[in-house]
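Okay, so here's the structure we're looking at.
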Amino acid sequence: MLVKTYCAAVNGLEATIVTIEVSITRGTFYHLTGLADEAVRESHDRIVAALLNNGYKFPVADITVNMAPADIRKEGSGYDLPLAIGILAANGNIKSDSLNDYMLIGELGLDGKLQPVRGALPIAIKARAEHYKGLIVPKQNIKEAAVVNNINVYGMENIVDVINFFNGEQNFEPTVIDTRKEFYEHQSEFEFDFSDVRGQENVKRALEVAAAGGHNLAMIGPPGSGKSMMAKRLPSILPPLSLAESLETTQVHSVAGKLGKNMSLISQRPFRSPHHTISQVALVGGGINPQPGEISLAHNGVLFADELPEFSKSTLEVLRQPLEDRKITISRAKYTVEFPCSFMFVASMNPCPCGYYGDPTHHCVCTPGQIQHYMNKISGPLLDRIDIQIEISPVPFKDISKTAQGESSKDIRKRVIKARKRQEERYKDYKGVHCNAQMSERMIHQFAEPDSQGMELLRMAMERFNLSARAYNRILKVARTIADLED
């Protein structure tokens, strides 16, 4: 008997339908074809144990399983459930009438319980696009998959539940999630707030400008001046995620397996702070089975590099292209995967190895050669891609001891949102441009052309500081953002 079940393979953020064909004839062998990796081949042992432990026998017959299309590599344990259901249906244990209407994903435990898998959200989106009646997922993936509307999503705990569902022996209701309620409920709940920051008004202003225009920013100052503390508060003043941005961000985290248990949509902008020992692959993504890196996990949010010169130079250099293109392409011999990575890059660093160069309260013990070597770890082209670079001084005692709180993140965020709305209106006819930092050179000439007095000031600065053409454009972008903040 020949039976077909349906699941999906995730490549980048896109899912591809995989048809599992199971044919049972007289014999004793088990054949699996269709470019399956080791994890898929091991599914045979998991399926045998799961069925035996739930009162079903694995058929003693010649079983041929084909996973089509055969030119796409099938990876991971998410194929366990559709394989098991296909084998049982071909053996006559399950009614196969409605199998064509549903897509299935899930890993099987030896006791038959369904374990969560990666990529449930892009698979649910694909199932809806292909007009499947429903999607069956492990219970832990239900909130993630059920955010997709116009498709019935069922969360199952055990393979017995799935068998009973197809045999009509038990009724299951699809999970319905009020996406908007789930999304908007947690948008303004932040752990850190700028009201806790004493002094540092110029740095707060720089962060406000950076948030308003989506600009990259570097903070340079001695230890204890508040660089990391203020960077952690940056998400609290960024504009809230739109539903479209949230869905795209959640897809990246779903594919990477980084969504929390029973989590649906990501409602706050991501803040990723990788350690300086991170490798190139972990930062930009890749590996044998390409996965999103930290820059993609920071998509639509903030990537914070604390102690920037401590990162290896080769690791920092791979950031140059993603900062410009806002996407990363990972190429392999047989396929190419693309992940989005539109993020704000925020960095902090000391001015020298000891950290106290230029600090009026501490004596710097570094030699000029040591300082030069330390600063040379960051290349000119990378610094050129950082729009705002600001020096931070230690907070004096009179500011630390103030009892009055500073301006709250909520108030700063209102100004940022107002400036962003102005930019959205300005760039509504330009695809993929939402803020000033994303302007092309042609758009700069159209929307950020200085007057004669401003041009003369810019000419003097360019000549005095030997600034590059890229720096010229970035100065105009920041100026455009300041003008937006000032109405």
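The values are calculated or read from the model by the stated rules, or taken from the named source; none is laboratory data. What you see is a predicted model; the values in this text were computed from it and never measured. As a convention, Cβ positions derive from the backbone with ideal geometry for all residues, glycine included, and neighbour counts pool all protein chains shown. Note: accessible area is taken over every heavy atom of the protein model, side chains too, but ligands, DNA and RNA are not part of it. Shrake-Rupley method; radii C 1.70, N 1.55, O 1.52, S 1.80 Å.
Listed peptides 272-283, 193-204, 177-188 appear in the order 193-204, 272-283, 177-188 once ranked by packing, highest mean of other Cβ atoms within 10 Å at the front.
In a reduced charge model with +1 at each Lys and Arg Cβ and -1 at each Asp and Glu Cβ, the range 67-193 shows a dipole moment near 440 debye about its Cα centre. Give the angle, between 0 and 90 degrees and rounded to the nearest 10, that separates the Cα long axis of helix 80-90 from the longest principal axis of the Cα atoms of the chain. Orientation of helix 80-90: about 20 degrees from the principal axis. Proximity of backbone amide H atoms, modeled 1.01 Å from N, is registered between Asp62 and Thr25, Arg26, Gly27, Thr28, Phe29 at under 5 Å, excluding neighbours fewer than 5 places apart on the same chain. Rounded to the nearest 20, the Cβ-based charge dipole of the range 350-486 about its Cα centre (Lys and Arg +1, Asp and Glu -1) stands at 560 debye.
First compute the accessible area of the chain with a 1.4 Å probe, then give the percent of it belonging to carbon and sulfur atoms. After summing per-atom areas, the C and S share lands at 50 percent. Summary of the geometry: the range 166-187 and the range 233-295, compared by the centres of their Cα atoms, lie 24 Å apart. For the cross-link pairs Lys418/Lys477; Lys139/Lys258; Lys143/Lys261; Lys139/Lys261; Lys126/Lys327; Lys327/Lys477, the ones whose C-alpha atoms lie over 19 Å apart are Lys126/Lys327; Lys327/Lys477. When the charge dipole of the chain is built from unit charges on Cβ atoms (+1 for Lys and Arg, -1 for Asp and Glu) and taken about the Cα centre, the candidate among Ala244, Ala89, Gln372 whose Cα reaches farthest toward its positive end is Gln372.
Summed over qualifying helices (DSSP H, 4 residues or more, each -39500 (n - 2.57)) and divided by its residue number, the chain shows a 222 nm mean residue ellipticity of -10500 deg cm²/dmol. The list [x] 34, 29, 22; [y] 52, 23, 21; [z] 42, 21, 21 gives values of semi-axes √(5λ) of the Cα gyration tensor in Å, and only one came from this structure; which label was calculated from it? Computed from the coordinates, semi-axes √(5λ) of the Cα gyration tensor in Å corresponds to [y]. Look at where the Cα atoms of the range 44-60 and of the range 351-367 average out, and the two centres are 68 Å apart. Dipole magnitude for the chain: computed about the Cα centre from +1 point charges on Lys and Arg Cβ and -1 point charges on Asp and Glu Cβ, it is near 500 debye.
Descending by average beta-carbon neighbour count within 10 Å, the peptides 220-230, 35-45 line up as 220-230, 35-45, the highest first.
Every Cα-Cα pair of the range 160-266 was included, and the share exceeding 19 Å stands at 63 percent. Listed by chain and number, the lysines whose C-alpha is less than 16 Å from the C-alpha of Lys133, apart from same-chain residues fewer than 8 away, are Lys4. For Ala218, the amide hydrogen comes within under 5 Å of the amide hydrogens of Ala347, Ile388, Gln389, Ile390, counting only partners 5 or more places away or on other chains and with H modelled in the peptide plane.
Along the range 261-272 the Karplus relation, 6.51 cos²θ - 1.76 cosθ + 1.60 evaluated at θ = phi - 60°, assigns HN-Hα couplings of 4, 6, 9, 9, 7, 6, 9, 10, 5, x, 10, 10 Hz to successive residues, with x for each Gly and Pro.
Solvent-accessible surface of the chain, taken per residue with a 1.4 Å probe and all protein chains present: 48 Å².
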